[in-house]
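The values are calculated or read from the model by the stated rules, or taken from the named source; none is laboratory data. This is a predicted model, so every value here is computed, not measured. When we count neighbours, we look across all protein chains shown, and the Cβ atoms used for this are built from the backbone with ideal geometry, even at glycine. Quick note on the areas: whole protein, heavy atoms, side chains included, nothing else; ligands and nucleic acids left out. Shrake-Rupley method; radii C 1.70, N 1.55, O 1.52, S 1.80 Å.
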Amino acid sequence: MSKPLLRLALGLAIATAAVPALAKNPMVGGAPMYASKTIVENAVNSKDHTTLVAAVKAAGLVETLSGPGPFTVFAPTNAAFAKLPPGTVETLVQPQNKAQLTGILTYHVVPGALTAKDLAALVKQGGGRAVIKTVNGAPLSVETEGKKVFVTDAKGNTATVTIANVMQSNGVIHVINTVLMP
């Protein structure tokens, strides 16, 4: 084999070896999400989740979501928060509204680490729909269509999981496009 072909083969081997590592650390909001980091450690690096991170801090949930879990977090993007009526986020993060904000955020968290496959299995067991209990205590409804997962809140708003199975050291994040309301 000639030296240029050997270099090409070696370069392809190195590039191919790196691909599985990229698959294990999906990009969310322009940042790699590392399975070795906690939900909070990863979320703070996502430019698509700055509103969620600010809300988690305002609600005093950083320590909880940094804990051992495991947790399943349905993480709304900044665009999801932007769909709320004007002024909603600014009002919720005020200290006097901490209880309400905590209730909304814990409505996005389910005990245990439920992957999209786990959610699909629950939906199948439920005959097309699964009801899961959140840390808030209120239920969420889950449905699937093909490989897509949909989560519906108590008010009838439906969020689509846009990025599933972002594995964390203390659970799993599913990025969603709508804020869920208890």
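Miscellaneous remarks
- Taken one residue at a time, the phi angles of the stretch 80-91 give Karplus couplings (6.51, -1.76, 1.60, θ = phi - 60°) of 5, 5, 5, 6, 5, x, x, x, 4, 4, 4, 5 Hz. Gly and Pro are set to x.
- Volume in Å³ per residue [convex hull over Cα atoms, computed for the chain]: 135
- Rg over Rh for the stretch 95-135 works out to 1.16, using Cα positions for both radii and the Kirkwood form for Rh.
- Using θ = phi - 60° in the Karplus curve 6.51 cos²θ - 1.76 cosθ + 1.60, the 3J(HN,Hα) couplings for the stretch 29-41 round to x, x, 10, x, 9, 9, 5, 7, 9, 7, 3, 5, 4 Hz; x is entered for Gly and Pro.
- Degrees separating the helix 116-125 axis from the principal Cα axis of the chain, which is the longest one: 50
- Surface accessible to a 1.4 Å probe, His174 within the full protein complex, Å²: 0
- Electrostatic dipole magnitude of the chain [Cβ: Lys, Arg +1; Asp, Glu -1; Cα centre; debye, to 20]: 440
- Note on the chain: GNM, Cα springs under 10 Å; of Leu122, Leu92, Leu84, the largest mean-square fluctuation is that of Leu84.
- Nonlocal amide H pairs with Gly171, under 5 Å, H built at 1.01 Å: Phe71
- Pairs of lysine residues in the chain - Cα separation under 13 Å, sequence separation of 8 or more or cross-chain: 5
- Summed over the residues of the chain and divided among them, the accessible surface reaches 54 Å² per residue at a probe radius of 1.4 Å.
- Residue-wise HN-Hα coupling along the stretch 50-60, computed from phi with Karplus coefficients 6.51, -1.76, 1.60 (Hz; x: Gly, Pro): 5, 5, 4, 4, 4, 5, 4, 5, 4, 7, x
- Semi-axes of the equivalent ellipsoid for the stretch 98-182, Cα gyration tensor, largest first, Å: 19, 15, 12
- Comparing Glu143, Glu63, Glu90 in a Gaussian network model of the chain where C-alpha atoms under 10 Å apart are linked, the largest mean-square fluctuation is found at Glu90.
- Residues whose amide H comes within less than 5 Å of that of Val28, counting only those at least five positions distant or on another chain, are Met33 (H built at 1.01 Å from N in the peptide plane).
- Backbone amide hydrogens, once placed in the peptide plane, bring Thr162 within less than 5 Å of Val175, Ile176, Asn177, excluding anything fewer than 5 places away on its chain.
- Relative contact order of the stretch 39-182, taken over Cα pairs closer than 8 Å and 6 or more residues apart, is 28 percent.
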